[in-house]
Amino acid sequence: MIWIVIVVVAVVLGALWWYVATYNSFVRLRNLVAESWRGVDVQLRRRHDLVPNLVATVERAADYERDTVLAVTQARRRAESVGAAAAIDVAAVGDAEDALTAALGRLGALAEQYPDLGAVRNYEVLQRELGDTEDRIAAARRLYNANVRALNTRIGSVPASVVASLHRVTPAQYFEIGDASVRDVVDVDRLFGDRDDSA
């Protein structure tokens, strides 16, 4: 009889240990997702901070391109406001960043249309900085999405899904941004390569 009690106690303790360990893994994964999102947010803010300087430089060199400059400014404001919302909607942030990327692409295309703009040293420095920031955003996005994948996989795994449903642990959203063809528009080598070759 004592062996039965020992086995029952061992099973209960094992189940309790598993339950606590599973719950703690969800806490850890949610914290990793939140932390990696903060990394994405830092890079997006860095990008947003570069835009006014880039816009001011373009305005000085090509002040007749008001529509393009206005589109970039409005896209930046929208991206900042969506990112600053109390409850972050990752999909909405992605959409806003896509719009900003497209607007920056149009702004970058001005360097090809107006050689004077490409010759402005500050513009080239800002474009390089923007390209570096795009790389940082991509790296932060990969880390965030890897943590989201780990959390979502754990939530969907049996028997951990039981603990997830008991504690209302919901899947996180992946951070998706537009395709590479849109981002390539702001590539510095492409923008300034022809000018450098002809020099």
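Is at least one residue of region 114-130 modelled with pLDDT of 75 or more, of a type in the set (Lys, Arg), in a helix (DSSP H, G or I) and over 20 Å from residue 74 (Cβ atoms)? Looking for residues that are modelled with pLDDT of 75 or more, of a type in the set (Lys, Arg), in a helix (DSSP H, G or I) and over 20 Å from residue 74 (Cβ atoms), one finds at least one in region 114-130, hence yes.
Restricting region 23-34 to residues that are open to solvent by 70 Å² or more (accessible area, probe 1.4 Å) and either in contact (Cβ under 8 Å) with a residue 60 or more places away in the chain or touching a Cys at 6+ places or on another chain (Cβ under 9 Å) (or both) leaves a set whose member that is nearest to residue 138 (Cα to Cα) is 30.
Of all the criteria given as (1) small (Gly, Ala, Ser); (2) modelled with pLDDT under 90; (3) under 30 Å from residue 15 (Cβ atoms), the one not satisfied by residue 109 is (3). Restricting region 131-178 to residues that are under 21 Å from residue 91 (Cβ atoms) and among the hydroxyl-bearing types (Ser, Thr, Tyr), the residue that is nearest to the chain's Cα centre (by Cα) is 144.
The one condition from (1) assigned to a loop (DSSP other than H, G, I, E, B); (2) buried (at least 17 other Cβ atoms within 10 Å of the Cβ); (3) at pLDDT below 75 that residue 86 does not meet is (2). If I filter region 146-159 for residues that are part of a loop (DSSP other than H, G, I, E, B) and either open to solvent by 80 Å² or more (accessible area, probe 1.4 Å) or among the hydrophobic types (A, V, I, L, M, F, W, C) (or both), do I get at least one hit? Taking every residue of region 146-159 in turn, at least one turns out to be part of a loop (DSSP other than H, G, I, E, B) and either open to solvent by 80 Å² or more (accessible area, probe 1.4 Å) or among the hydrophobic types (A, V, I, L, M, F, W, C) (or both). Can you find a residue that is assigned to a helix (DSSP H, G or I), crowded, with 18+ Cβ neighbours inside 10 Å and at pLDDT below 80 anywhere in region 69-78? For region 69-78, residues assigned to a helix (DSSP H, G or I), crowded, with 18+ Cβ neighbours inside 10 Å and at pLDDT below 80: present. Is it true that some residue in region 48-58 is outside any helix (DSSP H, G or I), surrounded by 12 or more Cβ atoms within 10 Å (Cβ to Cβ) and out of contact with any Gly (no Cβ under 6 Å at 6 or more places or on another chain)? No, region 48-58 contains no residue that is outside any helix (DSSP H, G or I), surrounded by 12 or more Cβ atoms within 10 Å (Cβ to Cβ) and out of contact with any Gly (no Cβ under 6 Å at 6 or more places or on another chain).
In region 6-41, how many are within 21 Å of the chain's Cα centre (by Cα) and of a type outside the set (S, T, N, Q)? Qualifying residue count, region 6-41: 12. Can you spot a residue in region 2-22 that is surrounded by 14 or more Cβ atoms within 10 Å (Cβ to Cβ) and either modelled with pLDDT of 90 or more or on the phi > 0 side of the Ramachandran plot (or both)? Yes, region 2-22 contains a residue that is surrounded by 14 or more Cβ atoms within 10 Å (Cβ to Cβ) and either modelled with pLDDT of 90 or more or on the phi > 0 side of the Ramachandran plot (or both).
The values are calculated or read from the model by the stated rules, or taken from the named source; none is laboratory data. Predicted, not measured: the structure shown is a model, and the values here were computed from it. Positions of Cβ are backbone-derived with ideal geometry, glycine not excepted, and every protein chain shown enters the neighbour counts. Ligands, DNA and RNA are excluded from the accessible area calculation, which covers all protein heavy atoms including side chains. Shrake-Rupley method; radii C 1.70, N 1.55, O 1.52, S 1.80 Å.
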